[in-house]
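Here the structure comes first, spelled out in structure tokens, and everything after it is commentary.
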Amino acid sequence: YGVRECSPFLDHNIATTIEPTMTKHSRLLRTPPLSFSSFLLLWSSSTFLLLENQHRLLFVVEATGYIQEPYHLPFGYSFDAVYGPPNWSQVDITGNEWQSYINHEFHHLDRTTKNICHSKRRPSPINLVANQVCEDAHEILTRKIRPDDCTLQNLQFSITPHTLRADFPWDDSTCTRPTVDLPNGYPFTWIAHHVEVHLRAEHVLDGRRYDGELQMYHLGREDQRRELSVISVMLDASAQEDEPKLQEYIDQWETLAHRIEQNCRDRQEQEQLKNGTRKVQEHLFTSSTSNTQQQHDFNLTSILYKNQGHITRALDLDEYKYSRAATEVQDTTGSLTTSNFETASSSTAALSPSTTASTTGTPPTSPVGPLAPRRKMFPYDIWPTIHFYRYRGSLTSPPCTEFVSWRVLDEPLRISRRQYKALARLLTSYINEEDDCHNGSGKGRGAATSSTGETYRPLQELNKEYQNLTHCTEEDFTFRMYPPDQV
């Protein structure tokens, strides 16, 4: 894969040292040791091959700086499936995405080589009912907004069999990735890796399961290089109006889903025409039967067919944007005084100074007063509160590695029912485009959702011996205050 394309461009000595063997169910290509100082980039068209000499891993990297869509492990959320939740411990987790961070320059997720979905030591998700007192001294801190920060436009959106996803760039070469500072014993910042959506919520807040859960994954560094942290936002589909920041994500996923659908229709149409299984449409010029005229008719028909979907989609988008613009809620948040900030609660209204920063990083008007809360950078500007449940748990999908520091915000983000339905449709829209738009069923659909279209791991039991669960509220801390030049 890839090496075959690149080999004509390579020095013979380099090319012959590469002996890639495709790992089962994986896109990791293993190579023998290479005598190069750090990394070797091999170029072919718009694709780079990244070789790390010490760890003998080769990855195919897009020119945009993103690793290509990873292999999807063969598990599902239906209890009737061969690899449904009761059988997750039997899933072959070779080639899971986290293995690319083993012996990484900044990260070392070496515990992801074993499937421990059977473990009950520190499982996730759980019912969140505090069993310890909060010891955190401050909110989850974010740095000051910068002009070169990553925005929504820098994310790589994907629809996988298991979730809706938006990945941050591989490094900071195209934009500066967001980071968070977690309180209580975590001295180093965590780097944003990706955002994903599950329906319904995986965690349960004191007995209540919300409609969805938006999870923000982060990679640890230094002393935390063997761990992940996840900050979760519950989604409550009870609002009358669309949530504007979430809608920006939905728009991107819908655009992607339409593009993939169109590509597959085009491919199937071409295959049908090629195999002679589709009746040839009427010739626009019946007087000519020459090969040239037949080719002209074929090209014109293909163009009309290809653009029909785009035209229909454009009309639908215009109608949708018009309806959204007619009902869009204007921001009526005014300036707050210093005393207002000091007494702010964890409600959405109280968070307004820190949540009005747009996804483009454009700062709003600075609050009045010598000190003020810092505005949250993207993607944290969607948080409805600064207070959370905290515990140590696991990944909620194979390999279920127990190395995650969870922060689950204790107030949900209210979204509209229309947005919830849009997310539900998108979750079941996965198509394996790279495999000729087909999956095992031969219907072009490969979503691994449950029979009801949901993607959450069944609730696990809190292990009180190894899992301390705290709930931090306004009684424990409020906004950290900053001088005007640090807001």
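The values are calculated or read from the model by the stated rules, or taken from the named source; none is laboratory data. What you see is a predicted model; the values in this text were computed from it and never measured. A quick note on method: Cβ atoms are made from the backbone with ideal geometry, for glycine too, and the neighbour counts reach across all protein chains shown. Ligands, DNA and RNA are stripped out before the accessible areas are found, and what is left, the full protein with its side chains, is counted by its heavy atoms. Shrake-Rupley method; radii C 1.70, N 1.55, O 1.52, S 1.80 Å.
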Could you tell me whether any residue of the range 151-167 is part of a loop (DSSP other than H, G, I, E, B), of a type outside the set (Gly, Ala, Ser) and in contact with a Gly (Cβ under 7 Å, 6 or more places away or on another chain)?
yes
Which of the residues spanning the range 71-109 are more than 22 Å from the chain's Cα centre (by Cα) and acidic (Asp, Glu)?
ASP80, ASP92, GLU105
Among the numbered conditions (1) of a type in the set (Gly, Ala, Ser); (2) in contact with a strand residue (DSSP E or B) (Cβ under 7 Å, 6 or more places away or on another chain); (3) at pLDDT below 90, tell me where SER124 comes up short.
(3)
When you scan the range 180-198, do you find a residue that is more than 24 Å from SER416 (Cα to Cα), open to solvent by 30 Å² or more (accessible area, probe 1.4 Å) and assigned to a strand (DSSP E or B), even just one?
yes
State which residue pairs qualify: first residue within 21 Å of ILE145 (Cβ to Cβ) and inside the range 475-486, second residue open to solvent by 50 Å² or more (accessible area, probe 1.4 Å) and among the hydrophobic types (A, V, I, L, M, F, W, C) in any location, beta carbons under 6 Å apart, and separation of 6 or more residues or different chains.
MET481/LEU371
Kindly evaluate PRO412 against the criterion of being more than 20 Å from GLN252 (Cα to Cα), over 17 Å from the mean Cα position of the chain (by Cα) and surrounded by 20 or more Cβ atoms within 10 Å (Cβ to Cβ).
yes
Could you tell me whether ILE102 is open to solvent by 20 Å² or more (accessible area, probe 1.4 Å) and at pLDDT 90 or above?
yes
Go through ASP211, ASP206 for me and flag whichever is out of contact with any Asp or Glu (no Cβ under 7 Å at 6 or more places or on another chain) and of a type in the set (Asp, Glu).
ASP206
Checking the conditions here, which among ARG165, ARG121 is more than 23 Å from GLU248 (Cα to Cα) and basic (Lys, Arg)?
ARG121
How many residues does the range 223-241 hold that are modelled with pLDDT of 95 or more, in a loop (DSSP other than H, G, I, E, B) and open to solvent by 40 Å² or more (accessible area, probe 1.4 Å)?
2
Total residues in the range 131-150, condition more than 30 Å from ARG200 (Cβ to Cβ), part of a loop (DSSP other than H, G, I, E, B) and open to solvent by less than 50 Å² (accessible area, probe 1.4 Å)
3
Residue satisfying condition, being under 29 Å from PRO74 (Cα atoms) and either among the charged types (D, E, K, R) or at pLDDT 95 or above (or both), within set ASP149, ASP167:
ASP167
Return the pair list, or none, for Cβ contacts closer than 9 Å from residues in the range 146-170 that are free of Cβ contacts under 8 Å to residues at least 60 places away in the same chain and among the aromatic types (Phe, Trp, Tyr) to residues that are open to solvent by 30 Å² or more (accessible area, probe 1.4 Å) and outside any loop (DSSP other than H, G, I, E, B), at least 6 apart or on different chains.
PHE168/ASN154; PHE168/GLN156
Residue count for the range 92-106, restricted to those that are in contact (Cβ under 8 Å) with a residue 60 or more places away in the chain and touching a Ser or Thr at 6+ places or on another chain (Cβ under 9 Å):
7
Can you work out which of the residues in the range 210-222 that are open to solvent by less than 60 Å² (accessible area, probe 1.4 Å) and not aliphatic (A, V, I, L, M) is farthest from ALA166 (Cα to Cα)?
TYR210
